[in-house]
Amino acid sequence: MKKYYTRACNFTHGIKSINLVNKKINLPLRGNNKISFNEIEIISRNSKKTIQIKDVKNLPKFLRNKVTKDLSIITKKNKNFANLNLNDIPNLMGVLNLTPDSFSDGGRFNKKNRGVTHAMNLFKFGSNIIDVGGESTRPGSQTISNAREWKRIENTIKKISKKFPISLDTRKSEIMKKGIKLGVKIINDISGLEYDQKTIEILRDYKTPFVIHHCQGTPETMQIKPVYKNALLDIYDFFEKKIKLLRTKGIKHNNIIIDPGIGFGKNLKHNMNLIRDISIFHTLGFPILVGVSKKRFIKEIAGINDTENRTGGTVASSLYLASQGVQILRIHDVKELMQSIKVFKNIIQN
């Protein structure tokens, strides 16, 4: 049987939920009264159709039942966890790379107490949580030993975990376990829990919240001609299957975040399709995390207008994602993005 997907669209900000606006029924996105939608896009592998919420009742029975079930998920309120207020869009995950070779800030914060100072600034400027990493996963990077990765991050985590909520960016179960014991609140594994077969066991035993991240291939190979039949739907199916697998492995809680992995095994077209139609992932029922900060797609679009910090492209894409109800943005320049969010919210909600 043909598979259908439901994507919420035509978002309105600052209008109360279930409100009649110009004879259109508005529904709250994930229970949030500050952002609502009045249209959905019904998608299959070979077709798309946009309808208003009020016209769902006119769909064929099998499709009406499917869409009605999806709408119940899309409108259900998120439960907060790990210092994230998931009904205040967006939360900011500040990036703290304690590496010498990360693509944007490698070598800036991995000496002496620079990492601790930067963490303090990230929270001062508006981060809800800090994503600490000790291994670069930029395109072309190679894995490092557990010992080297832990040596890079141990002291900083010890110093800041009691003051600030931390997310740990790692693919390795041993690093996860050590980090959790030091107070890490979220595990962020860019491999989608596939690099190390013991990671699911660790997450189950410690009941730690985590991010399911999509990556086609490994950092060493992921940007060598990535191919999808349909990037948006293929990645949606990946998350759906992964969640089912995790349930069979004993992970029953819903403190899970999904990240489609912009730039991880995707070309410009793949990235743009994911960003443009990001709201399809609300149908999975979990908060969405997206990292667009300073990424290569900005350079590919900007051309001669590319800049080293890529602040303009980061702000533009981040505000679009926020307008689509994305709950968490992974950001390097928190101060600048927070400024843009405050102005954006003031314009659309007043």
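The values are calculated or read from the model by the stated rules, or taken from the named source; none is laboratory data. Keep in mind that this is a model prediction, so the values were computed, not measured. Backbone-built Cβ (ideal geometry, glycine too); neighbour counts: all protein chains shown.
Which residues, counting only those in the range 281-295, are of a type outside the set (A, V, I, L, M) and either modelled with pLDDT under 95 or part of a loop (DSSP other than H, G, I, E, B) (or both)? Working first, answer last.
To start, the set of residues in the range 281-295 that are of a type outside the set (A, V, I, L, M) comprises 281-283, 285-287, 291, 293-295.
Selection gives Gly285, Phe286, Pro287, Gly291, Ser293, Lys294, Lys295.
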Taking into account only those residues within the range 122-140 that are at pLDDT below 90, out of contact with any Ser or Thr (no Cβ under 7 Å at 6 or more places or on another chain) and not β-branched (Val, Ile, Thr), which is nearest to Gln223 (Cα to Cα)?
-> Pro139
Residues in the range 226-277 that are assigned to a helix (DSSP H, G or I) and either closer than 22 Å to Lys295 by Cβ or under 18 Å from the mean Cα position of the chain (by Cα) (or both): how many?
-> 22
Given the conditions (1) under 26 Å from Leu319 (Cα atoms); (2) modelled with pLDDT under 95, report the number of the one that Ile160 does not fulfil.
-> (1)
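Could you tell me whether the range 165-188 includes any residue that is in the same structural domain as Thr208 (by TED's automatic domain parsing) and more than 22 Å from Ile256 (Cα to Cα)?
No, because not a single residue in the range 165-188 is in the same structural domain as Thr208 (by TED's automatic domain parsing) and more than 22 Å from Ile256 (Cα to Cα).
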When the residues of the range 172-189 are filtered to those that are under 21 Å from Lys252 (Cα atoms) and outside any helix (DSSP H, G or I), which remaining residue is nearest to the chain's Cα centre (by Cα)?
-> Asn188
When residues of the range 1-31 are limited to those that are surrounded by 19 or more Cβ atoms within 10 Å (Cβ to Cβ) and of a type in the set (S, T, N, Q), the one modelled with the lowest pLDDT = Asn26
Mind listing just one residue for me: the one in the range 271-309 that is in contact with a Leu (Cβ under 7 Å, 6 or more places away or on another chain) and of a type in the set (D, E, K, R) and, of those, farthest from Pro90 (Cα to Cα)?
-> Glu300
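Tell me, yes or no, whether the range 326-340 has at least one residue that is of a type in the set (Lys, Arg), in a helix (DSSP H, G or I), over 27 Å from Phe123 (Cα atoms) and at pLDDT 95 or above.
Step one: of the range 326-340, the residues of a type in the set (Lys, Arg) are 330, 335.
Adding the requirement that they be in a helix (DSSP H, G or I) leaves 335.
From the residues that got through so far, the ones that are over 27 Å from Phe123 (Cα atoms) too are none.
The answer is no, given that none of the residues of the range 326-340 is of a type in the set (Lys, Arg), in a helix (DSSP H, G or I), over 27 Å from Phe123 (Cα atoms) and at pLDDT 95 or above.
Out of Ile212, Ile235, Ile256, report the one residue that is surrounded by 15 or more Cβ atoms within 10 Å (Cβ to Cβ), touching a Pro at 6+ places or on another chain (Cβ under 8 Å) and under 18 Å from Asn91 (Cα atoms). Spell out how you get there, then give the answer.
Numbers: Ile212 fails: touching a Pro at 6+ places or on another chain (Cβ under 8 Å); Ile235 fails: under 18 Å from Asn91 (Cα atoms).
None of the other options fit; the residue is Ile256.
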Within the range 309-324, residues surrounded by fewer than 19 Cβ atoms within 10 Å (Cβ to Cβ) and of a type outside the set (A, V, I, L, M) come out as Asn309, Thr311, Gly312, Tyr320, Ser323
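For the subset of the range 296-315 comprising residues that are in a loop (DSSP other than H, G, I, E, B) and without any contact (Cβ under 8 Å) to a residue 12 or more places away in the chain, which member is nearest to Pro219 (Cα to Cα)?
If we filter the range 296-315 for residues that are in a loop (DSSP other than H, G, I, E, B), which is where we start, we get 306-310.
Still in the list and also without any contact (Cβ under 8 Å) to a residue 12 or more places away in the chain: 306-308.
Values: Asp306: 24, Thr307: 24, Glu308: 22 Å.
Top of the filtered list is Glu308.
Does the range 287-315 hold any residues that are within 18 Å of the chain's Cα centre (by Cα) and over 27 Å from Phe210 (Cα atoms), and which are they?
Keep residues of the range 287-315 that are within 18 Å of the chain's Cα centre (by Cα), which gives 287-298, 313-315.
The answer is Ile298, Gly313.
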